[in-house]
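Note sheet for the following structure.
The values are calculated or read from the model by the stated rules, or taken from the named source; none is laboratory data. Quantities reported herein were computed from a predicted structural model and do not represent experimental measurements. Backbone-built Cβ (ideal geometry, glycine too); neighbour counts: all protein chains shown. Surface areas here come from the heavy atoms of the whole protein model, side chains and all, with no ligands, DNA or RNA. Shrake-Rupley method; radii C 1.70, N 1.55, O 1.52, S 1.80 Å.
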Amino acid sequence: EVRLTRSDEHGHSLFWTRFLLTSIFNVQGKVERLAGRIQDIHEEKVESLRLIGLSQTDSLTTLMNRRGFQASVSRILDIASGALNRHVLVMLDADDFKLINDTYGHMHGDQVLSRIAEHMRRTFRITDLFGRLGGDEFAAFLVNFQDEGVIRKKIEELLARLREDGLSCSMGIAMFPEHGSTFQQLYQGADI
């Protein structure tokens, strides 16, 4: 499956195709040419990618869900070098979230979760990864965040934003490579 460029009166656009090819051999047994067809699968591929996105996204906050977040972080860690990269996993839990739901109702609880997600997005960089791992548990993966002073400042900024919004959260952090080289190791470290 490859994307090709289509040109028309509106300009250039990319579309997904599937190449179905077979080799044609000469009498010596070497490939002489290829024969086949190119099939336009653009609509099928776009729908498939949309469904994958939905399966990896939390519908309330539009952050990645646990599966999507873990897979994305793991892909980054698979190619990371302890000598060159420094990544940070920040875990965050809303304090007394059950009490919030019981006192003010689940709709209010949903608003709280959405506000936490928004504060995370506003505090960290657009290139960082954000996830709602379940319930009131959130995570941010700060990609190539080298300066501990800046990390501390960003976390203090996030806590201040949450306090201004009347929210209290517990946080933990773990750093690659100091606290682990896999998602699970970093998750356990930040959770502790």
Exercise for review: Quick one: among 56, 28, 39, which has the greatest mean-square fluctuation in a GNM of the chain with alpha-carbon springs under 10 angstrom?
Suggested key: 28
**Study point:** Rounded tilt (10° steps) of 66-79 against the dominant C-alpha axis of the chain
**Key:** 70 degrees
Exercise for review: Among 81, 189, 103, pick out the residue whose Cα is farthest towards the positive end of the charge dipole of the chain, where Lys and Arg carry +1 and Asp and Glu carry -1 on C-beta, about the Cα centre.
Suggested key: 81
Review point. With all protein chains present, how much of the accessible area of the stretch 51-192 (probe radius 1.4 Å) comes from carbon and sulfur, to the nearest whole percent?
Key: 53 percent
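Which of the peptides 10-16, 106-112 is most tightly packed, and how do the rest follow, judged by the mean count of other Cβ atoms within 10 Å per residue?
On the way: 10-16: 11.1, 106-112: 13.6.
The packing order, highest mean first, is 106-112, 10-16.
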Practice item. Report the residue, chosen from 43, 156, 137, that carries the largest GNM mean-square fluctuation when the chain is represented by alpha-carbon nodes joined by springs under 10 Å. Key: 43
**Study point:** Rounded accessible area per residue of the stretch 1-155, 1.4 Å, Å²
**Key:** 62 Å²
Study note, to complete from the structure: Between residue 169 and residues 5 or more places away or on another chain, the pairs with built amide H atoms under 5 Å apart involve 95
Practice item. Treating each Cα of the chain as an identical point scatterer and ignoring solvent, apply the Debye formula and state log10 I(q)/I(0) at q = 0.10, 0.19, 0.20 Å⁻¹. Key: -0.58, -1.23, -1.32
Review point. Say we join alpha carbon atoms closer than 10 Å with springs in a Gaussian network model of the chain; which of 132, 115, 152 then has the biggest fluctuation?
Key: 152
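If Lys and Arg each add +1 and Asp and Glu each add -1, what is the summed charge of the other residues whose beta carbon sits under 15 Å from the beta carbon of residue 182?
On the way: positive: 75; negative: 78, 178, 191.
Local charge sum for residue 182: -2.
Compute the Cα gyration tensor for the stretch 116-167, then decide on rounded, prolate or oblate, letting a ≥ b ≥ c be the square roots of its eigenvalues: rounded whenever a/c is under 1.5, prolate when a/b is larger than b/c in the other cases, and oblate in all that remain. Can you show the working numbers first?
Working: a/c = 2.09, a/b = 1.20, b/c = 1.75.
Verdict is oblate for the stretch 116-167.
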